[in-house]
């Protein structure tokens, strides 16, 4: 019996229009009505993730890849920032590779280039939804960033040096044709230089750096413990590398049809694509299976 379902957002719960479909919303409500808790598990921060739900459902959140966890009343359950030494080294490496990046802190999200932010997010949308043109993605992104609290600065120096800011995640983008030439060596150098961080990706054009303790899988299992839910009673749904830890750690790991091969290889089950309400389909299947076992009223 599944009692807790965690779902990624981009490429998973969000469809090709970057929306939570009506079917997905209704499936979440039905799951909760049947005693199944639903969690959002995203690389996004709480302020970025919440607007997509439009206050129609109120789940708990694993945010920033596990750097922060909130219950369904938005109370902070856990926090795992990047160490002071690591943040300075990572920023140094990002500058070395001349790559655009953003800093997510416990207070605000910072960018030093508005145009690169828009173009990077548009490229992210295209990579997650191949049927979307860059022009469509760019227009959608201009609308979507209005929902995302963002502070633009000329330099990150003060933020990195100010210890009152806890840096929860560092996010770098490279949308060029030679992005692997930059991103792969950059990832390798981060891994070689620092042992207390983890590098993941939510799309082919980015890398996300967190504390080694900030992983979706770790956060999901810790959350389940607080609810006295067994590992075998948990399910995780995702499509990309930053979902790997929870796909592996959950009792049942589910890969989207649009998931990258690495996620499909480690998954226990599969569902349809994000464009075809894959999350709703697997939730509906779980509810039916629970009912067949006679354990859901």
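What follows draws every value from the coordinates through simple rules; no lab data is involved. This structure is a prediction, so every number in the text was calculated from the model and none was measured. Cβ atoms come from the backbone with ideal geometry, glycine included; neighbour counts cover every protein chain shown.
Summary table below
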read-out	value
Virtual spin-label span in nm between residue 72 and residue 135, 7 Å along Cα→Cβ	4.4
Cα-based shape type of the range 1-152, given that a ≥ b ≥ c are square roots of the gyration tensor eigenvalues and the cut on a/c is 1.5	oblate
Debye intensity ratio I(q)/I(0), log10, the range 84-211, q values 0.11, 0.22, 0.23 Å⁻¹ (C-alpha model)	-0.38, -1.41, -1.49
Fluctuation leader among 246, 256, 150 - the chain, Gaussian network, Cα springs under 10 angstrom	150
The chain: calculated mean residue ellipticity at 222 nm from DSSP helix runs of at least 4, using -39500 (n - 2.57)	-11500 deg cm²/dmol
Ascending count of other beta-carbon atoms within 10 Å, so fewest first, for 2, 229, 237	229, 2, 237
Residues listed by number, the range 115-157, amide nitrogen under 18 Å from residue 107 label point at 7 Å toward C-beta	149-157
Among 189, 257, 115, residue whose mean-square fluctuation peaks in a GNM of the chain (springs only between Cα atoms under 10 Å)	115
Label point distance in nm, residue 115-residue 23, each placed 7 Å from Cα along Cα→Cβ	4.1
Overall form of the range 182-297 per C-alpha gyration tensor (a/c, 1.5; a/b vs b/c)	oblate
Cα centroid of the range 96-139 to Cα centroid of the range 61-82, whole Å	23
DSSP bridge pairs, the chain: antiparallel proportion in percent, nearest 5	55
Proxy reagent accessibility, fewest Cβ within 10 Å first, across 270, 110	270, 110
Separation of alpha-carbon centers, the range 244-262 and the range 1-55, rounded to whole Å	16
